[in-house]
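Here the structure comes first, spelled out in structure tokens, and everything after it is commentary.
The values are calculated or read from the model by the stated rules, or taken from the named source; none is laboratory data. Keep in mind that this is a model prediction, so the values were computed, not measured. Every residue, glycine among them, receives a Cβ derived from its backbone with ideal geometry; neighbour counts consider all protein chains shown.
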Amino acid sequence: MIVNTLIDTVRAPMGTARLLEGHSTLQRARDANLTCDQIRTVFPDVADCADEAILGFVEIGRRLIAGEARFKGKAFSAKTSTAFG
């Protein structure tokens, strides 16, 4: 799974930068006590996102950056699973 992550990063370096920029911006907005409604008004890119989506992105991003969470991908194997059809 580490290889897949590295490939994704190399293929889309701007995507990685946008993830960090988006998290940082939304975290600062939350730190400034903006509500989700205010965030949707200020940042039209999240106008269609529910409160739970905004808050979840900020919280999971915070945990990843702080080193409190890590998704190693061990739940997925490289082999094709036939469990779902």
- Query: Is there a residue being part of a loop (DSSP other than H, G, I, E, B), modelled with pLDDT of 90 or more and small (Gly, Ala, Ser) anywhere in region 47-54?
  - Reply: yes
- Sort through Thr5, Thr25 and tell me the only one that's surrounded by 12 or more Cβ atoms within 10 Å (Cβ to Cβ), in a helix (DSSP H, G or I) and modelled with pLDDT of 75 or more. Thr25
- Enumerate the pairs (first residue in region 15-26 and within 12 Å of Phe43 (Cα to Cα); second residue anywhere and assigned to a helix (DSSP H, G or I) and among the aliphatic types (A, V, I, L, M)) with beta-carbon separation below 6 Å, excluding pairs fewer than 6 apart on the same chain, so at least 6 apart or on different chains. Leu26/Val58
- Matching residues, region 55-65, being hydrophobic (A, V, I, L, M, F, W, C) and either more than 15 Å from Arg28 (Cα to Cα) or at pLDDT 95 or above (or both): Leu55, Phe57, Val58, Ile60, Leu64
- Task: Mind counting the residues in region 55-75 that are among the acidic types (Asp, Glu), surrounded by 12 or more Cβ atoms within 10 Å (Cβ to Cβ) and not in a helix (DSSP H, G or I)?
- Result: 0
